[in-house]
């Protein structure tokens, strides 16, 4: 039996990666290179610890302020991947907040550690199903 060539192995891995990333069925907004997996949590607070946003996906009513709390010994940022492109700086052991007015979904990442991803789902206050509090 002949072993698979290096080229063949690379091609096979490429096909698997394309198949896995293409199967999500989610069309991402322009400029968002990733999907955030998980269950949305009704919360206005996101903890940052061990290079992870927790919870990764929050669901809030419109007009709410989200607070990110950096518990790490290293700095982080929250780079909003929306039309504002706002960048919140979070030195170690600090807090930063942002007001979300209109219903939308905003993806974000840490520009220092771009493997850190999060998502804020802003819903119409009248139809909001969560508590909207931490």
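Every read-out reported here was derived from the displayed coordinates using simple, explicitly stated rules and does not represent laboratory data. Every value quoted in this text rests on a predicted model; they were computed, and no experiment measured them. So basically every Cβ, Gly included, is an ideal-geometry build from the backbone, and we count neighbours across all protein chains shown.
Over segment 33-127, what is the relative contact order in percent, taking alpha-carbon pairs closer than 8 angstrom and at least six residues apart?
Relative contact order, segment 33-127: 29 percent.
Give the whole-number value, in cubic angstrom per residue, of the convex hull volume spanned by the C-alpha atoms of segment 33-127.
84 Å³
Order the peptides 104-114, 54-64 from the highest to the lowest mean number of other Cβ atoms within 10 Å of their residues.
54-64, 104-114
Neighbouring Cβ atoms within 10 Å as the yardstick, rank 65, 77 fewest first.
Ordered by Cβ neighbours within 10 Å, fewest first: 65, 77.
Spin-label point model (7 Å from Cα, Cβ direction): what's the residue 65 to residue 51 distance in nm?
3.1 nm
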